[in-house]
Amino acid sequence: MSRMNHTPKAIVNEEAHEGRRIANRNEEVYSMLNSLRVLDLTDEKGFLCGKILAELGADVIKVERPGGDPSRMIGPFFHDEVDPEKSLYWFAYNSSKRGITLNIEAEKGRELFKRLVYAADVVIESFPPGYLEGLGLGYRELSSLNPRIIITSITPFGHTGPRKDYKASDISIMALSGVMSVTGDSDRSPLRFGLDQSYCLVSTHAVIGILIALHHNRISGEGQHIDVSAFDSLCLANFWETIKWEYEKRIVNRSGDRMGRGMGTTRQVWKCKDGYLTWVILGGKEEMKIFITMIEIMDKEEMAGNLKSVEWEKVHISRIPDDEMSRYEEVIAAFFMKHTKNELEQLSLKYNLRLSIINDIVDNAEGETLAFREYWTDVDYPELSTAIKSPSHLFLSNEVKTQVRFRAPRIGEHNNEIFEKELGLSRQEMSDLKRIGIL
């Protein structure tokens with residue numbers, strides 16, 4: 001095992017370069033970050049960060065504990081078969097990465113990890129603050145091995161502050177951030193929205209930090225430690241609520257499907273014949289023209305009702321009492337219920353009504369917009385004898401291609417590529433390390 005401590009850095013870098021070449025088989029296509037090696041030590045909080053970097057072309061190596069990451073047991077599962085190699089959650093957030101297993105809590109595992117750091121550009125981790133320092137793998141120790149290394153720490157509350165040692169889940173971060181306080185109906189309890197929003201947002205913030213650090217690195221040759229908090233990131237999702245407090249000292253309350261207008265509210269989500277749409281009655285000269293156009297369209301079908309009797313050019317929407325507004329909205333609601341989403345969308349396009357239908361996942365998966373932009377791609381999973389439809393690209397560019405490159409790794413799938421071919425371990429050493437729980 002002596003070679004674990006004495007492999008020259010130049011040789012490691014040369015072998016790692018070859019590893020990058022193998023990982024980037026289409027280098028002329030993936031030319032944005034294809035010179036980068038990223039070590040991904042994250043859990044769910046940082047999975048998306050590594051995935052984005054991988055789809056920008058970086059060689060991202062997902063480091064799991066021996067036996068596989070616990071998140072492999074997060075469903076849903078392929079054909080509902082609970083299996084660590086069939087988690088659709090794992091597939092979604094870890095495609096385009098290579099994968100190895102390594103126990104960094106063991107001394108020999110730490111030695112191997114340090115050798116990987118010699119040839120890496122970025123390390124992403126989501127351990128509690130102080131955990132890596134306790135293993136001798138903190139930024140100070142790793143930067144002494146590789147001064148250019150960028151360490152990105154993703155935690156619930158950051159590495160400083162009164163909550164730095166607190167544990168948290170996505171829903172608790174969403175609750176503390178204030179986002180839940182404005183989500184839902186006013187007469188019901190606050191709600192979370194979507195799934196893992198704080199994890200996805202903190203991952204994208206981490207990517208931004210890494211890209212800025214890489215720019216600095218190329219100018220100065222210096223690495224740095226990036227500290228990204230999921231709580232901080234989700235607090236930024238409070239867009240106009242903070243402005244309301246800053247300038248009006250007013251806390252925004254949950255309004256459900258209604259939008260504030262002066263001291264009242266206006267409906268913004270409506271049911272139609274085959275689904276839902278969003279449209280709002282707004283004040284102001286231009287917005288009132290749109291409302292009047294809507295009334296004219298309704299009148300052609302003899303459905304304008306009491307809306308025709310109002311001189312809307314002289315009305316201040318924000319001053320209409322809620323009970324009166326509700327009577328007007330009942331007339332509009334009846335008109336929408338007579339029409340399909342497609343019919344209403346065509347009316348909006350023709351007359352500039354600024355109306356939008358509300359799609360569900362099936363509408364988008366089978367719709368022509370994403371299909372035309374080649375948003376979907378089939379990712380092959382040979383072990384499952386199938387291909388799984390997945391989002392294909394981060395964005396479209398006339399210079400480079402950013403897309404999912406290959407399926408998520410199986411447990412320890414690339415151990416031989418990394419440890420044997422790059423670091424030079426023998427088959428016997430690999431077998432011994434696996435036997436004692438290092439790989």
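The values are calculated or read from the model by the stated rules, or taken from the named source; none is laboratory data. It should be emphasised that the depicted structure is a prediction, and the values quoted were computed from it without experimental measurement. Reconstructed Cβ throughout: ideal geometry from the backbone, glycine too, with neighbour counts over all protein chains shown.
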Quiz item: Only one of (1) out of contact with any Ser or Thr (no Cβ under 8 Å at 6 or more places or on another chain); (2) under 22 Å from residue 54 (Cα atoms); (3) touching a residue at least 24 places away in the same chain (Cβ under 8 Å) fails for residue 365. Which number is that?
Solution: (2)
Exercise. Tell me, please, whether a residue that is at pLDDT 95 or above and within 23 Å of residue 420 (Cα to Cα) can be found in region 130-137.
Key: yes
Self-check item: Extreme residue, farthest from residue 77 (Cα to Cα), among residues of region 366-409 that are at pLDDT below 90 and hydrophobic (A, V, I, L, M, F, W, C)
Solution: 400
Quiz item: Looking at region 85-93, is at least one residue among the polar types (S, T, N, Q), at pLDDT 95 or above and either out of contact with any helix residue (DSSP H, G or I) (no Cβ under 6 Å at 6 or more places or on another chain) or not assigned by TED's automatic domain parsing to the domain that holds residue 134 (or both)?
Solution: no
Quiz prompt | Scope region 143-170; condition closer than 21 Å to residue 215 by Cα and within 22 Å of the chain's Cα centre (by Cα); matching residues | solution = 150, 151, 152, 153, 154
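Which of the residues spanning region 307-317 are in a loop (DSSP other than H, G, I, E, B) and out of contact with any Gly (no Cβ under 7 Å at 6 or more places or on another chain)?
To start, the set of residues in region 307-317 that are in a loop (DSSP other than H, G, I, E, B) comprises 310-311, 315-316.
Result: 310, 311, 315.
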Quiz item: Under the condition of being surrounded by 14 or more Cβ atoms within 10 Å (Cβ to Cβ) and charged (D, E, K, R), which residue from region 163-194 is farthest from residue 267 (Cα to Cα)?
Solution: 164
Quiz item: When residues of region 251-286 are filtered for being of a type in the set (Lys, Arg), outside any loop (DSSP other than H, G, I, E, B) and under 32 Å from the mean Cα position of the chain (by Cα), how many remain?
Solution: 3
Self-check item: Failed condition for residue 148, given (1) assigned to a loop (DSSP other than H, G, I, E, B); (2) under 21 Å from residue 54 (Cα atoms); (3) touching a Ser or Thr at 6+ places or on another chain (Cβ under 7 Å)
Solution: (3)
Self-check item: Close pairs (8 angstrom Cβ cut-off, 6 or more residues apart or separate chains): more than 17 Å from residue 290 (Cα to Cα) and assigned by TED's automatic domain parsing to the domain that holds residue 267 in region 307-332, surrounded by fewer than 16 Cβ atoms within 10 Å (Cβ to Cβ) and of a type outside the set (Phe, Trp, Tyr) anywhere
Solution: 319/262; 327/306
Quiz item: What do you reckon, is residue 77 over 18 Å from residue 230 (Cβ atoms) and surrounded by 17 or more Cβ atoms within 10 Å (Cβ to Cβ)?
Solution: yes
Quiz item: From the list 389, 350, which one is in a helix (DSSP H, G or I), basic (Lys, Arg) and surrounded by fewer than 17 Cβ atoms within 10 Å (Cβ to Cβ)?
Solution: 350
Quiz prompt | region 318-339, residues that are touching a Gly at 6+ places or on another chain (Cβ under 8 Å) and not in a helix (DSSP H, G or I) | solution = 320, 321
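Going by the structure shown, is residue 198 of a type in the set (Gly, Ala, Ser), touching a Ser or Thr at 6+ places or on another chain (Cβ under 7 Å), assigned by TED's automatic domain parsing to the domain that holds residue 32 and under 20 Å from residue 74 (Cα atoms)?
Values: of a type in the set (Gly, Ala, Ser): yes; touching a Ser or Thr at 6+ places or on another chain (Cβ under 7 Å): yes; assigned by TED's automatic domain parsing to the domain that holds residue 32: yes; under 20 Å from residue 74 (Cα atoms): yes.
It is true that residue 198 is of a type in the set (Gly, Ala, Ser), touching a Ser or Thr at 6+ places or on another chain (Cβ under 7 Å), assigned by TED's automatic domain parsing to the domain that holds residue 32 and under 20 Å from residue 74 (Cα atoms).
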Quiz prompt | Hits in region 292-315 (condition: within 41 Å of the chain's Cα centre (by Cα) and farther than 14 Å from residue 336 by Cα) | solution = 292, 293
Self-check item: Residue satisfying all of: in region 231-247; assigned to a helix (DSSP H, G or I) and among the polar types (S, T, N, Q); modelled with the lowest pLDDT among these
Solution: 242
Quiz item: Restricting region 195-243 to residues that are surrounded by 19 or more Cβ atoms within 10 Å (Cβ to Cβ) and among the aromatic types (Phe, Trp, Tyr), which is farthest from the chain's Cα centre (by Cα)?
Solution: 231
Exercise. State yes or no: is residue 373 under 24 Å from the mean Cα position of the chain (by Cα), of a type in the set (Lys, Arg) and exposed (fewer than 14 other Cβ atoms within 10 Å of the Cβ)?
Key: yes
Quiz item: Residues that are free of Cβ contacts under 8 Å to residues at least 12 places away in the same chain: which helices (runs of 4 or more DSSP H) entirely in region 55-138 hold 3 or more of them?
Solution: 131-134
